[in-house]
Amino acid sequence: MIVIVGAGLAGLVCAKCLVGAGVRDVVLLEAEAEPGGRVRSRITPEGFVLDRGFQVLLDSYPAVRRHLDIAALRPRYFESGAILHDRERAWTVADPRRHPGDLLSTATGGMFGVADKARLVALVGELLLTPDERLLGRCASDADVSTAQFLWSRGFSRDITERFFRPFFGGVFLDDPLGTSAGLFRYYLKKFATGRALLPAGGIGDIPRQLAASLPPGTLRTNCRVERLSRVGNRVDTVVTARGEEISCDALLLATEAPATARLLERPPAGEPPHGTTVVYFASDHALYARAMLALPRGRGRLVRHFVPLTNVAPEYAPPGVHLLCATVLDRRGLPDDALSAAVVNEISEFYPAAAGLMRPLSIIDVPYGQHQQRAGFARNLPPAPARTTLENVWLAGDQTGACSIQSAMAGGERAAHLLAGLAAG
């Protein structure tokens, strides 16, 4: 029996690939009531779709194209651009290849200078010619630097850093200082340039639900928390659940977050504390603006890193006639819920004065483990999935073996399935 613990994207893809390879004795155990890990959604009684943190799917990810039926997700696409805010002023910047009507405003707008625009075009052109493997390989290199250092070394000004790179990629990495690996930054910039960001109409949780639907009945067991691993010598022979069920195990994949892995392997948690995030949801009778784009407030240290009326992208995220807005907060600064909602409205009102009368607090979702630290050279300490453990029949996958992305999780699940299918065949 092959046992997979954790029905996040890595565990789901691993199970899907094993079943596709003809392996029959596979069980996927998930502690929560539904699969997905952090990639989950819930629908409120009023009909709002609330994702667990602001998340998008990039259709340029290779593993996404291999494992998901994007059309069946009913994709709702963001426009390829953003609204940049600096107090009373705002500029729209958009990819002219996809939005030719914005060419003039993007080229002549005063959000940053001609030199910065030329540097950005040159950088994107360079990335388009660089293989993904080379970009990601930089994350394990001694020559890797932080994103902030990389932008400075390429001559980008403070204006473009504070108006675009920090609010956008600070939200992507959950890292306002931009201390994240420049190798990872370059990879993501390429993927945003070559693909489109989307939301499934039914919420980001439709991604794991689609993967789970491909599994034979009985393969996925939800509400099944693994309590401990029973060992014989240097092998795990039985997985014991919180309900006392004992599941025989020939090979075990832990596709769990690092803290859960440390608990099961009875070892101290490794690495630095993870980046957390909080998403604050509001209902409104009117959208703050019309474009299907993120709004990016200028500067470092803001409470709100970016915000967006999600219903501008996916009207299905709210009941008819109502809008759903979400604001991403990287550090809630110890504020209780009511004070946090008020502070978020106050910041957004700097740019949209009508917001104070429109935004009604709906829900606050904290994600304590959003991403692990991905500083320069972080991949040196992360063996790629499937990573060996000190136990001879136990391997690791998921975020603990790579970058924190949908692509990395799915690709890691693929690689783990290839190894485990070979063991089953042998």
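Quickly run through the stretch 323-346 and pick out the residues that are acidic (Asp, Glu), within 25 Å of the chain's Cα centre (by Cα) and either crowded, with 17+ Cβ neighbours inside 10 Å or more than 12 Å from residue 304 (Cα to Cα) (or both). Of everything in the stretch 323-346, just one residue is acidic (Asp, Glu), within 25 Å of the chain's Cα centre (by Cα) and either crowded, with 17+ Cβ neighbours inside 10 Å or more than 12 Å from residue 304 (Cα to Cα) (or both), namely 337. Within the stretch 341-386, the residues that satisfy the criterion of being small (Gly, Ala, Ser) and either in a strand (DSSP E or B) or more than 30 Å from residue 397 (Cα to Cα) (or both) are 341, 342, 343, 349, 354, 355, 356, 357, 363, 370. Check the stretch 265-280 and report whether any residue there is closer than 25 Å to residue 171 by Cα, of a type in the set (S, T, N, Q) and assigned to a strand (DSSP E or B). Checked the stretch 265-280: at least one residue is closer than 25 Å to residue 171 by Cα, of a type in the set (S, T, N, Q) and assigned to a strand (DSSP E or B). Residue pairs whose Cβ atoms lie under 8 Å apart, sitting 6 or more positions apart in sequence or on different chains, and linking a residue in the stretch 129-153 that is closer than 18 Å to residue 383 by Cα to a partner that is charged (D, E, K, R) and assigned to a loop (DSSP other than H, G, I, E, B), are 138/144.
Within the stretch 42-54, work out how many residues are touching a residue at least 60 places away in the same chain (Cβ under 8 Å) and either outside the structural domain of residue 304 (by TED's automatic domain parsing) or surrounded by fewer than 20 Cβ atoms within 10 Å (Cβ to Cβ) (or both).
Kept after step one, since they are touching a residue at least 60 places away in the same chain (Cβ under 8 Å), are these residues of the stretch 42-54: 42-44, 46-54.
This time we only want the ones that are either outside the structural domain of residue 304 (by TED's automatic domain parsing) or surrounded by fewer than 20 Cβ atoms within 10 Å (Cβ to Cβ) (or both), so: 42-44, 46-47.
The number of residues fulfilling the criteria is 5.
So which residues in the stretch 299-323 are over 16 Å from residue 198 (Cα atoms) and in contact with a helix residue (DSSP H, G or I) (Cβ under 9 Å, 6 or more places away or on another chain)? Listed by number, the residues that qualify are 299, 300, 302, 303, 304, 305, 306, 318, 322, 323.
Scan the stretch 20-33 for residues that are in contact with a Ser or Thr (Cβ under 6 Å, 6 or more places away or on another chain) and either among the aromatic types (Phe, Trp, Tyr) or surrounded by fewer than 20 Cβ atoms within 10 Å (Cβ to Cβ) (or both) and jot them down. The answer is 33, and nothing else. Just checking, which of 13, 3, 39, 64 is touching a strand residue (DSSP E or B) at 6+ places or on another chain (Cβ under 6 Å), at pLDDT 95 or above, under 23 Å from residue 214 (Cα atoms) and not basic (Lys, Arg)? Exactly one of 13, 3, 39, 64 is touching a strand residue (DSSP E or B) at 6+ places or on another chain (Cβ under 6 Å), at pLDDT 95 or above, under 23 Å from residue 214 (Cα atoms) and not basic (Lys, Arg), namely 3. Scanning the stretch 371-426 for residues that are closer than 19 Å to residue 263 by Cα and of a type in the set (Val, Ile, Thr) returns 389, 390, 394, 401.
At pLDDT 95 or above, out of contact with any Gly (no Cβ under 8 Å at 6 or more places or on another chain) and more than 23 Å from residue 374 (Cβ to Cβ): does that describe residue 308? Yes, satisfied. Looking only at residues in the stretch 215-240 that are surrounded by 16 or more Cβ atoms within 10 Å (Cβ to Cβ) and either within 26 Å of the chain's Cα centre (by Cα) or at pLDDT below 95 (or both), the one that is nearest to residue 66 (Cα to Cα) is 215.
Go through the stretch 120-203 and tell me which helices (runs of 4 or more DSSP H), entirely inside it, have 1 or more residues that are closer than 20 Å to residue 370 by Cα and at pLDDT 95 or above. Reasoning before the result, please.
Working: elements: 132-137, 147-153, 166-173, 182-194.
Qualifying helices (runs of 4 or more DSSP H): 147-153, 166-173, 182-194.
Can you name the residue in the stretch 275-299 that is touching a His at 6+ places or on another chain (Cβ under 6 Å) and over 17 Å from residue 89 (Cα atoms) and is also surrounded by the fewest Cβ atoms within 10 Å (Cβ to Cβ) among such residues? Per the criteria, the residue is 287. Of all the listed residues (72, 63), the sole one being over 20 Å from the mean Cα position of the chain (by Cα) and either in contact (Cβ under 8 Å) with a residue 24 or more places away in the chain or within 30 Å of residue 160 (Cβ to Cβ) (or both) is 72.
Read through the list (1) closer than 26 Å to residue 243 by Cα; (2) surrounded by fewer than 21 Cβ atoms within 10 Å (Cβ to Cβ), then give the number of the only condition that residue 63 fails. Failing condition for residue 63: (1). Could you tell me whether the stretch 350-367 includes any residue that is crowded, with 21+ Cβ neighbours inside 10 Å, at pLDDT 95 or above, under 23 Å from residue 78 (Cβ atoms) and aromatic (Phe, Trp, Tyr)? No, the stretch 350-367 contains no residue that is crowded, with 21+ Cβ neighbours inside 10 Å, at pLDDT 95 or above, under 23 Å from residue 78 (Cβ atoms) and aromatic (Phe, Trp, Tyr). Scanning the stretch 392-405 for residues that are surrounded by fewer than 22 Cβ atoms within 10 Å (Cβ to Cβ) and out of contact with any strand residue (DSSP E or B) (no Cβ under 6 Å at 6 or more places or on another chain) yields one hit, 405.
Does residue 417 satisfy the condition of being crowded, with 21+ Cβ neighbours inside 10 Å and either assigned by TED's automatic domain parsing to the domain that holds residue 28 or among the hydroxyl-bearing types (Ser, Thr, Tyr) (or both)? Let's see the steps before the verdict.
Values: crowded, with 21+ Cβ neighbours inside 10 Å: yes; either assigned by TED's automatic domain parsing to the domain that holds residue 28 or among the hydroxyl-bearing types (Ser, Thr, Tyr) (or both): yes.
Here the answer is yes, as residue 417 does meet what is asked.
So residue 20 passes all but one of these: (1) outside the structural domain of residue 241 (by TED's automatic domain parsing); (2) over 25 Å from residue 284 (Cα atoms). Which condition number does it fail? With respect to (1) outside the structural domain of residue 241 (by TED's automatic domain parsing); (2) over 25 Å from residue 284 (Cα atoms), residue 20 is out only on (1).
Given 93, 19, which one is under 30 Å from residue 252 (Cβ atoms) and either in contact (Cβ under 8 Å) with a residue 12 or more places away in the chain or touching a Pro at 6+ places or on another chain (Cβ under 7 Å) (or both)?
Details: 93 fails: under 30 Å from residue 252 (Cβ atoms).
Of 93, 19, the one residue that is under 30 Å from residue 252 (Cβ atoms) and either in contact (Cβ under 8 Å) with a residue 12 or more places away in the chain or touching a Pro at 6+ places or on another chain (Cβ under 7 Å) (or both) is 19.
The values are calculated or read from the model by the stated rules, or taken from the named source; none is laboratory data. Note that this is a predicted model, so its numbers are computed, not measured. Cβ coordinates were reconstructed from backbone atoms using ideal geometry, including for glycine residues, and neighbour counts include every protein chain displayed.
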